[in-house]
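J.: Here's a structure for you.
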Amino acid sequence: MNEQVEDRRAGGNIPAYSVGELSAALRRAVEDNFGWVRVRGEVSGFKQAASGHLYFSLKDDKAVLDAVCWRGTAERLGLQPEDGLEVIASGKLTTYSQRSRYQIVIDSVEVAGEGALLKLLEERRKKLLAEGLFDDARKRDLPYLPAVIGVVTSPTGAVIRDIQHRISERFPRRMLVWPVLVQGEKAAPEIAAAIRGFNALKPGDTVPRPDILIVARGGGSLEDLWAFNEEEVVRATAESDIPLISAIGHETDITLIDLAADRRAPTPTAAAEMAVPVRMDLIDNLMGQERRLVSAMARLFVERRKYLTGLRRGLPDTASLLGVAAQRLDDWSERLVNSASTTLRTRTDDVAKLGYRMPRPRETLAEKQRELARAAASLQPRALELHIKENLRQNGALGERAARALHQRIVRETDRVAALDRLLDSFSYERVLERGFVLVRDAKAQPVTSAGILKSGMELALRFHDGEATAVAAGKTRASKRRSRPGKGDGEQGSLL
């Protein structure tokens, strides 16, 4: 026995392997015996290379196993490993000869103990999604500055303190806390009842109705956050008439209430920031807008003042406009008065000339009356009447009709002569004399129609409406070509003496 040991130490007949050969043999032995394995452990030392490959270790309280996941597999894992996460990794066991290590080449990873929960969660998500509980169309905008904020969370712990501190720091608002369990079997019913309880409050009640709700919880495992994946909580969230913010766990934690809420916050502190604006920022914004408004109004007034000033320069002087208009009015007034006076004199002269040419109505009427008397005398009415009666006797009805026609003819002619008498009288120059005119005749009783006919010492006969008088012409007066101004001598008759 001692001799065999000594032979091995000396080399003996045992073949010598190269390092590569031995590593290859070990690799074959490992891969043949552990072709496909599932290993449960905690992720440690996770890193992602620039090539996209993932490197980390799986450990428990007794050992450590290196793990590698190639880029193509990492892109379809569906789960991002991180330090401290307990997973079940599936793959094949192999060796890494460069460092004399064995490792698992991962093909898939799932969270340890959560496989069934994740499957149930996915089925529930698909069911509620099909019902439209996660539609963006039903999500409402959050109020800009709520007066009352309702918070559904545990009354103990850091979550409620973080929300209170953040709200009081940004914009102090009244908060109503509905204490509930956030983990365990009784958590889901209490959370759903709290959401519905806040919605049941009426405006004007002793307890005011919140303008916005925050449902919050700190981080934890899938099992710890499971209450917020329960169907009754999700339905209560979707049915809420009050806008609701969900703030469950950390940013990487996704629950079904996050999908049904009007807004999802990555943390409870972020939910408080979404609920209220920063008071100082709001004040600064309002002051900035006030300054902008004042500046804009000032610029507007300056621009309008310049505009009006420009318009004023383009307008003519008011006094000049009124002066020109007043002068034009005076001119037209004067021309109107002169035109009226001239027209009146012209019409008066025309009427006088017509009166000179017309015969005297009374003389004409007297002549017509004499002619009528002669005609009546020549007719010898008595003889005519006897003649008519004789004709009536001879001709009967025809004679009676002729007598009536003759009588009507006499009446019409008498009326026509009377009308002509009245017409002649209206056209008589004596009516003109009654209005203040004078008929001037020379010694031959011919009308004097022009001042040029007059000679010094000529005897004139003046006929007035109520009598006649004689006069002697003293001489001719030269007619002025200048028109009389209005109001000076208009309507006065010049003297012929």
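J.: Give, as a single signed number, the net charge of other residues whose beta carbon lies under 14 Å from the beta carbon of Met175, with Lys and Arg counted +1 and Asp and Glu -1.
T.: Values: positive: Arg161, Arg166, Arg170, Arg173, Arg174, Arg209; negative: Asp162, Glu169, Asp211.
Combined, the nearby Lys, Arg, Asp and Glu give +3.
J.: Here's a follow-up. Using a cut-off of 20 Å between alpha-carbon atoms, which aspartates and glutamates can reach Lys62, once sequence neighbours fewer than 8 places away in the same chain are excluded?
T.: Correct list for Lys62: Glu42, Asp83, Glu86.
J.: Could the peptides 255-266, 140-151, 61-72 be put in order, highest first, of the mean number of other beta-carbon atoms found within 10 Å of their residues?
T.: Working: 255-266: 21.9, 140-151: 16.7, 61-72: 13.7.
Going by the mean number of other Cβ atoms within 10 Å, highest first, we get 255-266, 140-151, 61-72.
J.: Describe numerically, in nm with one decimal, the distance between label points set 7 Å from Cα along Cα→Cβ at Ala63 and at Lys127.
T.: Output for this residue pair reads 4.2 nm.
J.: May I pose another question? With the calculation restricted to Cα positions, what are the radius of gyration and Dmax of segment 2-112 in angstrom?
T.: Cα only, segment 2-112: 18.2, 61 Å (Rg, Dmax).
J.: For Asp284, what is the net charge nearby, where nearby means another residue's Cβ is under 12 Å from its Cβ and Lys, Arg count +1, Asp, Glu -1?
T.: Taking every other residue near Asp284 into account, the sum is 0.
J.: Any chance you could run the full-extension gain for Glu75 through Thr364? It's 0.36 nm times the residue separation minus the Cα-Cα distance, nm to one decimal. Walk me through the numbers before you get to the answer.
T.: Numbers: separation 289, 0.36 × 289 = 104.04 nm, distance 13.88 nm.
Answer, rounded to one decimal: 90.2 nm.
J.: What FRET efficiency would be calculated for the residue pair Arg313, Asp205, taking the C-beta separation as r and a Förster radius of 45 Å, to the nearest 0.05?
T.: Details: r = 68 Å, r/R0 = 1.50.
Calculated transfer efficiency: 0.10.
J.: Can you figure out the FRET efficiency of Leu423 with Glu303, using R₀ = 45 Å and their beta-carbon distance, to the nearest 0.05? Write out the running numbers ahead of the final one.
T.: On the way: r = 79 Å, r/R0 = 1.77.
Once rounded, the FRET efficiency stands at 0.05.
J.: Can you compute the equivalent ellipsoid semi-axes for segment 175-225, i.e. the square root of 5 times each eigenvalue of the Cα gyration tensor, sorted largest first and rounded to whole Å? Provide the component values of the computation, followed by the final result.
T.: Numbers: eigenvalues 128, 25, 11 Å².
Gyration-tensor ellipsoid for segment 175-225: 25, 11, 7 Å.
J.: Can you give the extra length, in nm with one decimal, that the chain gains between Gln164 and Ser456 once fully stretched, where that is 0.36 nm per residue apart less the Cα-Cα distance? All intermediate terms of the calculation are to be shown ahead of the outcome.
T.: Working: separation 292, 0.36 × 292 = 105.12 nm, distance 13.05 nm.
Contour length minus the Cα-Cα distance gives 92.1 nm.
J.: Given R₀ = 22 Å, FRET efficiency for Arg431-Thr342 by Cβ-Cβ distance, to 0.05?
T.: Details: r = 23 Å, r/R0 = 1.06.
FRET efficiency, Arg431 to Thr342: 0.40.
J.: Assuming a viscosity of 1.306 mPa s and a temperature of 10 °C, what translational diffusion coefficient in µm² per second does Stokes-Einstein assign to segment 249-341, Rh being the Kirkwood radius over Cα pairs?
T.: Details: Rh = 21.1 Å.
Rounded to a whole number, D works out at 75 µm²/s.
J.: If I model segment 130-277 as equal point scatterers sitting on the Cα atoms and use the Debye formula, what is log10 I(q)/I(0) at q = 0.10, 0.16 Å⁻¹?
T.: Log10 of I(q)/I(0), two decimals: -0.29, -0.77.
J.: A further question follows. Straight distance only, please: which aspartates and glutamates reach the Cα of Lys368 with their own Cα at less than 18 Å, same-chain residues fewer than 8 apart left out?
T.: Once the sequence-local aspartates and glutamates are set aside, what remains near Lys368 is Glu413, Asp415, Asp421, Asp425.
J.: Quick one: if you stick a label point 7 Å off each Cα along the C-beta vector at Ala16 and Val105, how many nm between them?
T.: 3.2 nm
J.: If the label point is 7 Å along Cα→Cβ of Ala325, which residues in segment 298-319 have backbone nitrogen under 14 Å from it?
T.: 316-319
J.: What Rg and what Dmax come out for segment 218-268 when only alpha-carbon atoms are used, in angstroms?
T.: Using the Cα atoms of segment 218-268, the pair Rg, Dmax is 10.2, 30 Å.
J.: Follow-up. In whole Å, largest first, what are the principal axis extents of the Cα atoms in segment 196-303?
T.: On the principal axes, segment 196-303 reaches 68, 37, 21 Å in Cα extent.
J.: At 37 °C and 0.692 mPa s, grab the translational diffusion coefficient of segment 114-185 from Stokes-Einstein with a Kirkwood Rh over Cα pairs, rounded to a whole number in µm² per second.
T.: Working: Rh = 15.5 Å.
So the translational diffusion coefficient is about 211 µm²/s.
Only the coordinates and a few stated rules stand behind these numbers; no lab work does. The structure presented is a predicted model; accordingly, all values stated were derived computationally and were not measured. Methodologically, a virtual Cβ is constructed for each residue, glycine included, from the backbone with ideal geometry; neighbour enumeration extends over all protein chains shown.
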